[in-house]
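Report on one structure; see the data block that follows.
Rule-based calculations on the coordinates, nothing more; no lab input. None of these values were measured; they are calculated from a predicted model. Positions of Cβ are backbone-derived with ideal geometry, glycine not excepted, and every protein chain shown enters the neighbour counts.
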Amino acid sequence: MKMSQQLKNTGSLLDATEALGNWRALALFAASLLGAALVFGVLALTQSSFGLFLGALLSWLVAFYGVNAVGIMLMDASRSGQSRQMAAAVMASLFSSHRLLLVGLVALGGMLLLLLLVAIVLLLCKIPLLGPLLFTFVLPLSALLLGFAFFALAYVFYPLAASAVWSGASVRETLVNLLAIARQRLVSVVVKELVLALVVLVSAGIIGGIVFSGLGMVMSMSAGILGGIGGLGMQSMAMMAMGGMGEGGGYVIAGGLGSSLLLAAAMIVPGLIALQGCCQIYLSSIDGLDVSATEQELARRQQQLEQKTQQIKQKIEEQKQQLATPAPVAAANTAMALPHCPHCKALLEDADDRFCGECGKPVKDD
């Protein structure tokens, strides 16, 4: 597919702002972040290391599964124009979000293997005389290889892996689709993500202007009407930290909490637009995508890995069988190697004995 055809739907990313009209996704997004903050805050009150660790873990789980549920709802809206219910989205997130972690582990493992390969090649460059000549070619090739891999992770795997999982793809399907996108449509994906970033920044600027202008006017009016507060928002938070709240301490606390909630709500809006845009980029990227070559390559590498694993297991079993020779069998073999009396079959103590110690008969003929 030509680049012009790949980029023909780039203007549709402006439709990502329609995510603000999806009140269910917006409410679930806000509830997830607020719930994560509350869980961490409650467990942090224990003032113990275990409480902080447990609070951080549980709050991350709440935010992780909640945001993925929001992504599932936005993916539904991108494909069919209608989102599923919040409860259904949360249940789907609980049963599918772990795929995103597995995809991340596979991508991390692949990057580590690539770094190991480059390190091994660099060690070969330490060979005297031949090393500097080899390094002349290894440096640019390894730099291009690692640069492309990092570029693919940053612009394909990181932003689009979640969208693939939200669409219902399995771990294997996600890897195949992302590898095919990185091979065939990396440039178009980067261009679309830059357009999405511009949309998000403009939206954040507009929302920020609305919020801060309104907050500034309310702060000025509150200082004049309530009196002695010295302002709300960040100034109030600083006064709370220094303990200088004065007579209007209750208003300072309330103003600080209220302004913090307002700013957090304002940050949710551009985040929702970004999630909606990632869904649209993924769907447009897999439209007409040829994944047959990538599937064959992935199947071939998986078969090679299985064969190597089987060979290693066979070698380990052979070594175990060699080391596990039964002691009675070894003793019997040793006993059979020693001389016996031809008359009574008693074991001789010495091969040079002429008479048997049991029956007294001559062992050897003179």
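Here are some notes:
- Taking the number of Cβ atoms within 10 Å of each Cβ as an exposure proxy, the fewest-first ranking of Ser170, Ser142, Ser284, Ser163 is Ser170, Ser142, Ser284, Ser163.
- With both labels modelled 7 Å from their Cα along Cα-to-Cβ, the Leu124 to Gln303 distance reads 2.6 nm.
- Peptides 253-265, 203-215, ordered by how many other C-beta atoms sit within 10 Å of their residues on average, highest first, read 253-265, 203-215.
- For the stretch 215-221, 3J(HN,Hα) per residue [Karplus equation, 6.51 cos²θ - 1.76 cosθ + 1.60, θ = phi - 60°, Hz, x = Gly/Pro]: 5, x, 5, 5, 4, 5, 5
- Rounded to two decimals, the Cα radius of gyration of the stretch 97-184 over 2.2 N^0.38 Å is 1.36.
- Förster radius 22 Å - calculated FRET efficiency between Ala265 and Ser220, Cβ distance, rounded to 0.05: 0.55
- Neighbour-count order for Thr294, Thr46, fewest beta carbons within 10 angstrom listed first: Thr46, Thr294
- The stretch 43-145: proportion of alpha-carbon pairs further apart than 16 angstrom, %: 73 percent
- Cα gyration tensor category, rounded, prolate or oblate, for the stretch 14-83 with a/c compared to 1.5: prolate
- Summing Lys and Arg as +1 and Asp and Glu as -1 over all other residues whose Cβ lies under 14 Å from the Cβ of Val103 gives a net charge of +1.
- Between the stretch 75-109 and the stretch 143-220, the C-alpha centres lie 16 angstrom from each other.
- Förster-model FRET efficiency, 35 Å R0, Leu94 and Gln321, C-beta, rounded to 0.05: 0.15
- Cβ-based exposure ranking for Trp23, Trp60, in which fewest neighbours within 10 Å come first: Trp23, Trp60
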